Amino acid sequence: MSSGNGDGKFAVDPTSGAISVLGSLDYDILQTYSLTVKAADGGSPSKTVTAVVTITVTAVSDEKPTCTTNSFFESITEPGVQNTQAPANEFAPVFPVDITVNLNEDTAVGSDIATHVATDGDSNDTPDGVLTIDPTTGKISLASPFDYEAAQSFVITILATDGGSTPLSGSATVTVTVQDDNDVAPTCSQLLFLLTVPENSVGITITDVNEASPVFNPSSYTNSIAEDAILGASVVTVTATDADTADKVVYSIISGNNDNKFAIDSNTGIIRVAGELNADLSTTMTYTLVVKANEVTTTNSATASVTITVSDVNDNTPKFAQDIYYVAVDEDRTAVGIVTALDSDRGADGEITYTIISGNGDGKFAVDPTSGAISVLGSLDYDIVQTYSLTVRAADGGSPSKTVTAVVTITVTGVSDEKPTCTTHAFFESITEPGVTTAQPYVQLACSDADGETLSYSLASNTGATFAISNTGSITLSS
């Protein structure tokens, strides 16, 4: 007992934990005792745990001798130091008589039944001769060396007898523990003990000592959640346990949640979505939260890391910069133009693939599936087809894929690739001098162009500028 037993009224069995009355109890003096019982192991240093025992005394007429201290716990490193003054142990202890005890059938478990005292011719030795006691002063000393392998503890009962005409006696228990390696902390088998004895009503309540901090298991958590998760959706549950069973643990997020996208239930540890998780707009795809578990009544705490990845959802459809593209292309060109579609989704969901789905039956055109660049595959002939209308589709990489289409109108412009031709390639004309210098033509050319181009005429050889030719191909005499 570590406190509450200053007057040595009680003792606890060092092995079983049974509490008994050692000294006399006087109801008229004190009706209630509050003891603190300590369980200690044999380590060095010793590890301990305590419990509170409340004892209510009922009136009984008994006056016995008492010891100032009724229970002793002593730890001695083997082999110990012997008392050189200890007398030789010559006699074996004996019990003077056998005793018979009569008990009522309703005697409570744990009640004291009897004290059977053995006597020894040496009068002051323990039965095994290891410890000795001075019969006058009560001082206990070592009579022979300890051996931990032979015995780890000694429990002796000291009997004090008064000199009255009808002697009364009191007893005390002394427990001596031999030290060895310390590797296990003591524990109590249960938290509440209730005992009833005929003369005393004893209620024993073992209260937990807050000696442990919360522990997360595991210490880190990883999970993912889709960006379209609704508010309040559960992401992950963290759990911390506390060896002090009476302690309640509460949870909080202490870092990594600056934009308040998540919230934690302080009682259950469930982390839920608290804000919109739009992976398309946010620059943060992964959140690393630090979660703290606190004991309610103390500052004992523990932390765990929680990594949450927001996964993209294909919730956006690609969009072309315009619904209809108008492009003019010379019939001898190979590049047409570029169509562009954008998708706000990330990753594969935002990657665009282009295809021509109609208007290209004769295979004149092709589109680059990645860039959207349209090019001419076959030859274009303005004289045959002047306009093409293609439907281009842009599809994202989602599953299922989202698509959009645009119309590309291509106007082919003619290129002069045909020479003009005349119906007559040679003219022979005879003019009598001096000739007539009027608008009356001497020769009329009849020429045409297969491209449909407008023709213009000029004289390539005209000595002295004698002749002139008009825009219609009429040759006249100019001088």
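What follows draws every value from the coordinates through simple rules; no lab data is involved. What you see is a predicted model, and the numbers here were worked out from it, not measured in a lab. Using ideal geometry, Cβ is built from the backbone for each residue, glycine included, and neighbour counts are taken over all protein chains shown.
Is the C-alpha gyration tensor of region 207-355 telling us rounded, prolate or oblate? Criteria: a/c under 1.5 is rounded; beyond that, a/b larger than b/c is prolate, otherwise oblate. Verdict is prolate for region 207-355.
Highest mean packing comes first when the peptides 388-394, 136-142, 426-432, 364-370 are listed by Cβ atoms within 10 Å, giving 388-394, 364-370, 136-142, 426-432. As a size descriptor, the averaged projected area of the C-alpha convex hull of region 323-479 was calculated at 13.7 nm².
When each of the peptides 12-25, 400-413, 254-267 is scored by the mean number of other C-beta atoms lying within 10 Å of its residues, the order from highest to lowest reads 12-25, 400-413, 254-267. Shown is the FRET efficiency for S2 and K139, computed with R0 = 25 Å from the Cβ-Cβ distance and rounded to the nearest 0.05: 0.65.
For a straight C-alpha distance cut-off of 30 angstrom, the lysines reachable from K47 (same-chain residues fewer than eight places away being disregarded) are K9, K38, K139, K248, K292. Taken as Cα centroids, region 299-327 and region 426-479 sit 77 Å apart, rounded to the nearest whole angstrom. Going Cα to Cα from K319, which lysines come in below 26 Å? Please leave out same-chain ones fewer than 8 positions away. Straight-distance partners of K319: K364, K402. Remark: spin-label model distance E453-T166 equals 15.1 nm, labels positioned 7 Å along the Cα→Cβ axis. Given R₀ = 51 Å, FRET efficiency for T387-Y442 by Cβ-Cβ distance, to 0.05? Efficiency computed from Cβ-Cβ geometry: 0.70.
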